[in-house]
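Where a number appears in this text, it was derived from the coordinates with a stated rule and is not lab data. Keep in mind that what you see is a predicted model, and the values were worked out from it rather than measured. In this analysis, Cβ positions are derived from the backbone assuming ideal geometry, glycine residues included, and neighbour counts consider all displayed protein chains.
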Amino acid sequence: MSEHHKTAETPSGAPRHSDVSFEERDIKVGTIYWYLIALALATVIALIVCIFILRFTSNLAASSDAPPPPSRAALAKDYPPEPRLQGVPGHDTDPQKDLRNKLKADIDANEKLEWIDKNAGIAQIPVEDAMKIVAEKGLPSFATPSAEKKK
């Protein structure tokens, strides 16, 4: 079943259905424009407030910072900021040399034989000797405190 719609002609000559139409007052373009203008103004105001807060906090932080000592101010022109890592200008030694010196100091400390407290009988002995003594005699046993059962 087909239903025949009556069409009417508009002044421009385009066909217009009598039962299908729209209301011109459904969309108010002026309201949309005012909303877009208000949205743009709110965005600009928020941007201005953010810039104000940024400048205020930056000035506050800058005013509360203590100036660097004169010795650091003179060095700041020639060296990178601290912490100065190995291998950058301003670091006097070679990283590989530092590592070799550290390993040598650790080995020397592990192989040192000396009294820590002679009166108490505490001595420092090389690690290898200490491991041999522990392997021969075993670790000293300590009495563990007995756990009391609560009733």
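A few remarks follow.
- Residue separation of A62 and E114 scaled by 0.36 nm, minus their Cα-Cα distance, works out to 13.3 nm of gained length.
- Here the translational diffusion coefficient of the range 95-137 follows from Stokes-Einstein with Rh set to the Kirkwood radius across Cα pairs; for 10 °C and 1.306 mPa s it amounts to 133 µm²/s.
- Summarising the label geometry, the points placed 7 Å from Cα in the beta-carbon direction at V134 and Y33 lie 8.8 nm from one another.
- Full extension of the chain between F142 and Q96 gives 12.1 nm of extra length, using 0.36 nm per residue less the Cα-Cα distance.
- Dipole of the range 95-137, positive end: most advanced residue of N110, I133, Q96 [Cβ charges, Cα centre]: Q96
- Under-5 Å amide H pairs with Q124, H placed in peptide plane, nonlocal only: E114, W115, I116
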